[in-house]
Structures are given as C-alpha cells and as structure tokens.
Amino acid sequence: MAFKIFYNDHYEYDSESDDNMPGRGVQAIVQDHSEIGAEIITACDYYVRENDGRWRGVDIFGLFDFLLDSGIVVFGRTIDKDQYAAIVYKAMSAKNGWLPREVRPNG
C-alpha cells in the first residue's frame, strides 16, 4: 500500500523512502484507494496503520483501542488500597531482591 505523509514542517515522507518515518507533526496522509485512486486522511488527532496497511484517523479513544488491540501496551487501573496490597503481595512472592529503580511498596 503506497502512501505519502505531509508534516507541519513541510517535510514529506514517501512509503517508498529508505528514511525513517517521523512520528510527530502529521498534517495529512494520502494513500492508494481502489475506487477513487487516492484517499486523503487529515484533521485527526492520531493516525494508526491497520493490519492491512491502510491508515485511519482516530481520536484519543480510538488510539487507546488500537493500542490495546495491538498487544504492545497494557493499561493500569486505579483500585482500592486493600486490593492493591493483596495483588502486590502476591507478585512479591516471586522476588529474590530489589533493583535500584524498582518501586518498593510500603508495609
């Protein structure tokens, strides 16, 4: 799937390029489209590339859905103190020591 990305600094990235694709400052993406030749995606907060190689514009919740479905990120959740303590205590049973930057729970 051929595409071209246009950035806020007037840089243009072509999918055929050997350059690294910048991840910030996207203003528009033009990609091949079987029915109309080319499709432009613009005015979106985030742009995600689907498994079929097509780009799609999404909002913050669409980005969260994409990231969660990708398996490359997981999200934490705030829970009450007792639940947290029980879970961390169970996780600590696998520990033999502490790394310098590791967070040590109180108590």
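Read-outs: derived from the displayed coordinates by stated rules, not from any lab. Because the structure is predicted, anything quoted here is derived from the model rather than measured. Because the Cβ atoms are built from the backbone with ideal geometry, glycine has one as well, and the counts that use them run over all protein chains shown.
Dividing the Cα radius of gyration of the chain by its Kirkwood radius returns 1.20 for Rg/Rh. Working note: 222 nm ellipticity from helices only, DSSP H runs with n ≥ 4, each -39,500 (n - 2.57), summed and divided by the residues of the chain, gives -6500 deg cm²/dmol to the nearest 500. The phi torsions of the range 28-41, fed into the Karplus equation with coefficients 6.51, -1.76 and 1.60 and a -60° offset, translate into couplings of 7, 10, 10, 9, 4, 9, 5, 8, 10, x, 8, 10, 10, 10 Hz, rounded to whole numbers, with Gly and Pro shown as x. Each of F75 and H10 was given a label point 7 Å from its Cα along the Cα-to-Cβ line. The distance between the two points is 4.0 nm.
Computed from Cα atoms, the angle from the helix 60-70 axis to the main principal axis of the chain rounds to 70 degrees. Summarising the amide proton neighbourhood of Q27: residues at separation of 5 or more, or on other chains, whose placed amide H is nearer than 5 Å comprise F6, Y7, N8. Given axes a ≥ b ≥ c from the Cα gyration tensor, I'd like to know whether the range 66-107 is rounded (a/c under 1.5), prolate (a/b larger than b/c) or oblate. Verdict is oblate for the range 66-107.
The distance between label points at A43 and W98 comes to 5.4 nm (points 7 Å beyond Cα on the Cα→Cβ vector).
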